[in-house]
Amino acid sequence: MNREIPLSGTVYRVTTNSEDACISLAREQITDRIDEITVSIRFPEPQEPNSVSVSWTVPAKDMYAVWSTTFGYNVLPLRVDWSKRTTDARLASHAPLQSIFSQSGRNRLTLALSDASVSSRLRTGVNEERADMTCELQLFTESPREILQEYSVRLRVDTTDEPYYETLRRVERWWGEACGYPCAYIPEAAKRAMYSTWYSYHQRTIPEELLRECRMAKALGMESIIVDDGWQTDDGSRGYSYCGDWRPTPAKIPDMKQFVDDVHAIGLKFILWYSVPYVGVMSEAYERFKDMKLYQVGSGERSWMALDPRFPEVRRYLVDTYRNAMLDWGLDGFKLDFIDSMRARPETPKSDPRWDIPTLNEAIDTLLAEITRELRAINPDVLIEFRQAYVGPVIRKHGNMFRVGDCPEDSILNRLNTVQLRYLLGKSAVHSDMLMWHYEDTPEAAAKQIIASLFSVLQISVRLAEIPESHMRMLRNYMDFWNANRELLLDGELRAYHPEAQFSLVEAEKDNALVAVAYLRTPVTLEKPYGRVAVVNGSGEKGILLETPENARYAYTVFDCMGEILSTGTLAEKSLSALDVPDSGRVELTLCS
């Protein structure tokens, strides 16, 4: 079927291979610049629908770049309509949102979908003959699809002329308030810095060394440890062929309860890693569940499968695994990995009489709800970490810690994705990827990893007992700075300027205080006389150019990356000052009375 539907001056082209589908569109004007287009689909009988496409064009006026929710470099140039910029989303991967903005960072066109569970695709591209922007919504883009007879979804089209981040924030609130995707309760511990063992130890879980690291982490202001992959196996060759039984290997952890108790005695919470769907061929659980899988990865002794949550026995096994671990060992939280790997492949079964939930998306949502319900019944403050890309509106109902996807020593990706997740997840606790650096690097270069992630919860993953003294001084300095400004950095109004330049300047404002980070050599302008200001130099160059407002005279102190005071002074009212702030250092200002 291919037909055109005119609606309030715009012609929408509807395309599908489902010839018996009855598709209608309706427009509701929310404001003079926000429309919601309801797409309604009806079939004569329940069925698995083919993909449905709705496309239209708008004038490509003052459009400069595209914001997407995909992991990685999520702000990208415009594309042509025969090779559109594409955002794929489903319940356990990304979010149905794409936004086009001007060079001045103002919203020009933001598209968002009310149903974040269904597999969907948003696409935009410039028509080279007319300089129009061709927009397209595709529904039911992945198989297996939901069995349905009737379906409707709202497409939000926002052209409000305002800073792009205000539009993104409004979409995030719309998901929570109008679409039924509220944020989960966020325990205070989810917003405290943590130590992670992944990059520092990988699969080498050594309790004595980790307890030493815990003592040092606590002294630096960290409040939890995440013990990652390796605790369940003696095999150190990576991969997941030994996952599935979830018993500590005696060679590494002879007594898990004692290990957890020892961490608690130091004053840290204990979070343990699990690869949720993966069950390896070397585990006992493999024989039990080998015919309840979505797909197989690899072959021979280095292979594993992804469990299918449509089986109630699979869900019960996973829920009981985490529940028993919490009760038996006293865990405070869980790092639940690879939820986005629960997806269909060509070999995935289409049906099975043992399923109690027919669709995969619904089964994933049910699994997460069952896990969180039972864990929170034991401890309402249980910590549950999810990782990019399963960070969409549906998923945030379940987790309370959302970490940037793996990007070791990549400060740019950490910067881009912490900011992206802040706008996407609202009040949820956004965490950096684990921070690591080379131990022979300069402290200024090592500090870049922390500076890139200041507006998120820091996860540190270097061996604290082995880094040089200069690195320790740098880390202590920035941990003290982050902890002192934690509420401002995490809960303040976030303004990330020039996304097309990978956020050359990011600010957070709260309670008449401001923290700004210049990631490129760019002026920092104080728009009003804040009582307290800190400007961090993340540009890789020496110097900060600072413009102060009228009726505001500031006393300032310049620090290097290790917290040493380099200079002090006073800035006149309404001045443009070139301050001698070293690379990875900062200047702190206090308003003079």
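The values are calculated or read from the model by the stated rules, or taken from the named source; none is laboratory data. Please read these numbers as outputs of a predicted model, since none were measured by experiment. All Cβ positions, even for glycine, are placed from backbone atoms using ideal geometry, and neighbour counts span all protein chains on display.
Observations on the structure shown:
- Residues satisfying the stated conditions in region 124-137, i.e. part of a strand (DSSP E or B) and in contact (Cβ under 8 Å) with a residue 60 or more places away in the chain: V126, N127, D132, M133, T134, C135, E136, L137
- When the strands (runs of 3 or more DSSP E) confined to region 277-390 are screened for residues that are touching a residue at least 60 places away in the same chain (Cβ under 8 Å), those reaching at least 2 such residues are found at 333-337, 383-387.
- In the set (1) over 30 Å from C407 (Cα atoms); (2) part of a loop (DSSP other than H, G, I, E, B), P46 fails one condition alone, (2).
- Checked across region 307-318, the condition of being among the basic types (K, R), in contact with a helix residue (DSSP H, G or I) (Cβ under 8 Å, 6 or more places away or on another chain), surrounded by 14 or more Cβ atoms within 10 Å (Cβ to Cβ) and modelled with pLDDT of 95 or more holds for at least one residue.
- For region 1-27, the set of residues classified as of a type in the set (S, T, Y) and either surrounded by 12 or more Cβ atoms within 10 Å (Cβ to Cβ) or more than 17 Å from V157 (Cβ to Cβ) (or both) consists of T10, Y12, T15, T16, S18, S24, listed by residue number.
- Selection within region 320-338 - under 24 Å from the mean Cα position of the chain (by Cα) and of a type outside the set (F, W, Y): L331, D332, G333, K335, L336, D337
- Being buried (at least 21 other Cβ atoms within 10 Å of the Cβ), within 30 Å of I271 (Cβ to Cβ) and of a type outside the set (S, T, Y) is a description that does not apply to G492.
- Candidate set: region 183-209, residues that are among the hydrophobic types (A, V, I, L, M, F, W, C) and under 27 Å from the mean Cα position of the chain (by Cα); chosen: the one nearest to G236 (Cα to Cα): W198
- Of the residues examined, L76 is one that is under 18 Å from H498 (Cβ atoms) and not in a loop (DSSP other than H, G, I, E, B).
Condition check ((1) among the basic types (K, R); (2) touching a His at 6+ places or on another chain (Cβ under 8 Å); (3) surrounded by fewer than 20 Cβ atoms within 10 Å (Cβ to Cβ)) across all residues:
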| site | (1), (2), (3) |
| --- | --- |
| L111 | no, no, no |
| L139 | no, no, no |
| E150 | no, no, yes |
| T167 | no, no, no |
| M194 | no, yes, no |
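- Output for region 250-276, where each listed residue is touching a residue at least 24 places away in the same chain (Cβ under 8 Å) and either assigned to a loop (DSSP other than H, G, I, E, B) or among the hydroxyl-bearing types (S, T, Y) (or both): K252, I253, G267, L268, Y274, S275, V276
- As a summary of the residue check, A219 satisfies the conditions (1) in a helix (DSSP H, G or I); (2) in contact (Cβ under 8 Å) with a residue 24 or more places away in the chain except for the one numbered (2).
- Whichever residue in region 138-177 is outside any loop (DSSP other than H, G, I, E, B) and among the aromatic types (F, W, Y) and, among such residues, is nearest to Y423 (Cα to Cα): Y165
- When we screen T70, T15, T57, T38 for residues that are among the β-branched types (V, I, T) and outside any strand (DSSP E or B), the only hit is T70.
- Members of region 407-426 found to be part of a loop (DSSP other than H, G, I, E, B) and over 12 Å from the mean Cα position of the chain (by Cα), listed by number: C407, P408, E409, D410
- Qualifying residue in region 512-528 (condition: surrounded by 15 or more Cβ atoms within 10 Å (Cβ to Cβ) and basic (K, R)): no
Residue by residue, here is whether (1) surrounded by fewer than 17 Cβ atoms within 10 Å (Cβ to Cβ); (2) not hydrophobic (A, V, I, L, M, F, W, C) holds:
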{"site": "S224", "(1), (2)": "no, yes"}
{"site": "C243", "(1), (2)": "no, no"}
{"site": "A251", "(1), (2)": "yes, no"}
{"site": "P254", "(1), (2)": "yes, yes"}
{"site": "V263", "(1), (2)": "no, no"}
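- Filtered residues of region 28-57 (kept if of a type in the set (D, E, K, R) and surrounded by 14 or more Cβ atoms within 10 Å (Cβ to Cβ)): R33, D35, E36, R42, E48
- Inclusion of D441 among residues that are within 28 Å of A325 (Cβ to Cβ) and outside the structural domain of Y165 (by TED's automatic domain parsing) is not warranted.
- Residue in region 530-541 that is more than 29 Å from P443 (Cβ to Cβ), under 34 Å from the mean Cα position of the chain (by Cα) and exposed (fewer than 15 other Cβ atoms within 10 Å of the Cβ) present: yes
- When region 336-373 is filtered for residues that are modelled with pLDDT under 95 and buried (at least 22 other Cβ atoms within 10 Å of the Cβ), the ones remaining, listed by number, are L360, N361.
- Residues of region 427-480 satisfying the condition of being small (G, A, S) and either in a loop (DSSP other than H, G, I, E, B) or modelled with pLDDT under 95 (or both): S428, S432, A452, S453, S456, S461, A465
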